[in-house]
Amino acid sequence: GCGDGMVVGIEECDDMGESATCDVDCTFAACGDGTTNMTASEACDDAGESATCDDDCTDAQCGDATLNVTSGEICDDGGDSATCDSDCTDATCGDSYANNAAGEDCDDGGVDSATCDADCTSATCGDNYTNSTAGEACDDGGVDSATCDSDCSTASCGDNYTNNAAGEDCADGGGDSATCDADCSTATCG
């Protein structure tokens with residue numbers, strides 16, 4: 001019988017127990033046969049993918065670069081990639097996980113914060129994205145415009161900043177002075 005060391009009848013092999021090539025039931029060791037053979041380097045064998053076992057007879061683990069949908073993995077690239085987070089979910093801006101491989105500088109859940117824009121880029125004046133939580137009133141790419149100063153504050157006569165794009169020739173705080181009128185135009189004698 002099986003286990004006596006002699007191949008007889010329907011036995012495929014008989015190594016008197018488990019070996020790298022023979023299962024304890026005298027069938028050839030093969031991943032996917034439903035018999036776990038640790039000597040043949042199988043950690044598990046559920047005759048295919050299960051919640052605890054990958055179809056390559058390794059334990060199901062997120063991050064092992066083997067996709068196991070039954071265990072709840074959406075993807076598994078063995079860590080962060082352009083399409084997959086290291087927790088085996090899709091790389092998505094707004095998921096509160098900053099995946100640099102997917103081009104995310106930060107990820108504060110898809111909302112603006114003091115350090116992160118909702119599009120998962122760092123909150124920076126001059127990025128053409130107005131993030132009021134980061135203190136920006138406007139953002140026209142870090143250049144002066146008719147409505148926005150290059151420091152991302154609203155263009156305003158009297159803000160002690162001369163914004164020529166907003167029609168200002170000078171800025172001294174909005175009051176008349178020897179060199180600047182209250183409307184931020186150059187004072188003229190007369």
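The values are calculated or read from the model by the stated rules, or taken from the named source; none is laboratory data. Predicted model only: the values in this text are computed from it and were never measured. For neighbour counting, all protein chains shown are included, and Cβ atoms are generated from backbone atoms with ideal geometry for every residue, glycine included. Side chains included, ligands, DNA and RNA excluded: accessible areas come from the protein's heavy atoms. Shrake-Rupley method; radii C 1.70, N 1.55, O 1.52, S 1.80 Å.
So the values come out like this:
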read-out: Residue within region 125-135 that is open to solvent by 40 Å² or more (accessible area, probe 1.4 Å), closer than 30 Å to residue 182 by Cα and part of a helix (DSSP H, G or I) present; value: yes
read-out: Options 55, 46, 105; residue that is open to solvent by 70 Å² or more (accessible area, probe 1.4 Å), under 30 Å from residue 121 (Cβ atoms) and charged (D, E, K, R); value: 105
read-out: Which numbered condition residue 154 misses (of (1) open to solvent by 40 Å² or more (accessible area, probe 1.4 Å); (2) in contact with an Asp or Glu (Cβ under 8 Å, 6 or more places away or on another chain); (3) of a type outside the set (Gly, Ala, Ser)); value: (2)
read-out: Members of region 60-84 found to be open to solvent by less than 70 Å² (accessible area, probe 1.4 Å) and outside any loop (DSSP other than H, G, I, E, B), listed by number; value: 71, 84
read-out: Search result, residues across region 85-102 that are closer than 15 Å to residue 67 by Cβ, part of a loop (DSSP other than H, G, I, E, B), open to solvent by 40 Å² or more (accessible area, probe 1.4 Å) and of a type in the set (D, E, K, R); value: 87
read-out: Residue within region 90-105 that is at pLDDT 95 or above, under 30 Å from residue 48 (Cβ atoms) and aliphatic (A, V, I, L, M) present; value: yes
read-out: Long-range neighbours under 6 Å by Cβ, at least six apart or interchain, first residue over 19 Å from residue 150 (Cβ atoms) and acidic (Asp, Glu) within region 168-179, second at pLDDT 70 or above and surrounded by fewer than 16 Cβ atoms within 10 Å (Cβ to Cβ); value: 176/182
read-out: Count - residues of region 157-170 that are crowded, with 16+ Cβ neighbours inside 10 Å and of a type in the set (A, V, I, L, M); value: 1
read-out: Residue pairs meeting the criteria (Cβ under 6 Å; at least 6 apart or on separate chains; first closer than 22 Å to residue 4 by Cα, in region 25-48; second open to solvent by 40 Å² or more (accessible area, probe 1.4 Å)); value: 26/2; 27/12; 28/12; 29/21; 37/18; 39/18; 39/20; 40/20
read-out: Filter result for residue 24 (of a type outside the set (Lys, Arg) and surrounded by fewer than 14 Cβ atoms within 10 Å (Cβ to Cβ)); value: no
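Results for (1) assigned to a loop (DSSP other than H, G, I, E, B); (2) at pLDDT 85 or above, shown as yes or no for each residue.
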{"residue": "143", "(1), (2)": "yes, yes"}
{"residue": "151", "(1), (2)": "yes, yes"}
{"residue": "161", "(1), (2)": "yes, yes"}
{"residue": "165", "(1), (2)": "no, yes"}
{"residue": "169", "(1), (2)": "yes, yes"}
{"residue": "174", "(1), (2)": "yes, no"}
{"residue": "182", "(1), (2)": "yes, no"}
{"residue": "188", "(1), (2)": "yes, no"}
